[in-house]
Amino acid sequence: MTEELAEEQVSAPALTFEKFGFDKAIMKSIKNEGYETPTPIQDMAILPVMGGFDLMGIAQTGSGKTAAFCLPTINKLIYNHVKPNPYKPKALIIAPTRELVMQIGKFIDQFSRGTPIKSLVVAGGQPYQPQIRKLKYGIDILISTPGRLIDHMGSGNVKLEECDTFILDEADRMLDMGFIDEVKEIQSNLNTGH
Ligand code: AMP
């Protein structure tokens, strides 16, 4: 591919965020953040994720991939929202490091402002009790590192039977770090069809 072509592809998406039909609270946050045009990974991933399709996305850090999976997930949960049951998140995001889950959690907080969506970050190295209290209250989106998630599942504080969105961020790094058994165990607890 010539350099000229590559550049044309990167700058090709002309969609605006209006096109996705996001909830107005999300649109307000998008405006507040100063996002004008979706990045290529957002352009390609948002509609399929909103439609409930399985998707594997590959994009560099800094390409807007967090928004590409978080925005359609928040949007899906806003529609027909019912308060989540204790210990039963509706969407699960796993990522390999504490820093990464905190970063995703912060992003979700920002973009679910003004919506009924509740999210929680659980990572190792933090006390269990506050996490368990929030899990009991009921949360929509759980963001976790694999190890701590499995601890909570083992003690019955996370139950995945009502979870129908499963996102693995930096899946390649998760495998490099040896999390394959944990990922398989988590996956086996999800609804059938995943
Ligand atoms: P990420 O690749 O998810 O780590 O995102 C990198 C940075 O780009 C973050 O600061 C995002 O807030 C920002 N960002 C994501 N999507 C857009 C967009 N469509 N327009 C402008 N900035 C964006």
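Scanning the stretch 60-84 for residues that are more than 14 Å from the ligand (Cβ to nearest atom) and assigned to a loop (DSSP other than H, G, I, E, B) yields a total of 6. Restricting to the stretch 38-83, give me the number of residues that are of a type in the set (Val, Ile, Thr), more than 11 Å from the chain's Cα centre (by Cα) and under 17 Å from residue 107 (Cβ atoms). Matching residues across the stretch 38-83 total 5.
The sole residue among 60, 42 that is at pLDDT below 95 and not small (Gly, Ala, Ser) is 60.
Listed here are the residues, each with its yes/no results for (1) within 18 Å of residue 97 (Cβ to Cβ); (2) aromatic (Phe, Trp, Tyr); (3) surrounded by fewer than 20 Cβ atoms within 10 Å (Cβ to Cβ).
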{"position": "130", "(1), (2), (3)": "no, no, yes"}
{"position": "147", "(1), (2), (3)": "yes, no, yes"}
{"position": "163", "(1), (2), (3)": "no, no, no"}
{"position": "191", "(1), (2), (3)": "no, no, yes"}
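Where strands (runs of 3 or more DSSP E) fall entirely within the stretch 85-194, those with at least 2 residues that are in contact (Cβ under 8 Å) with a residue 40 or more places away in the chain are at 91-94, 141-144, 165-168.
The single condition from (1) in contact with a Gly (Cβ under 8 Å, 6 or more places away or on another chain); (2) closer than 24 Å to residue 54 by Cβ that residue 85 fails is (2).
The single residue among 57, 52 that is open to solvent by less than 70 Å² (accessible area, probe 1.4 Å), within 12 Å of the ligand (Cβ to nearest atom), closer than 30 Å to residue 158 by Cα and in a loop (DSSP other than H, G, I, E, B) turns out to be 57.
Working only within the stretch 60-84, note down all residues that are surrounded by fewer than 17 Cβ atoms within 10 Å (Cβ to Cβ) and either touching a residue at least 60 places away in the same chain (Cβ under 8 Å) or acidic (Asp, Glu) (or both).
Within the stretch 60-84, none qualify.
The values are calculated or read from the model by the stated rules, or taken from the named source; none is laboratory data. Bear in mind that the values here come from a model prediction, so they are computed numbers and not experimental data. Because the Cβ atoms are built from the backbone with ideal geometry, glycine has one as well, and the counts that use them run over all protein chains shown. Surface accessibility is based on the protein's heavy atoms, side chains included, excluding ligands, DNA and RNA. Shrake-Rupley method; radii C 1.70, N 1.55, O 1.52, S 1.80 Å.
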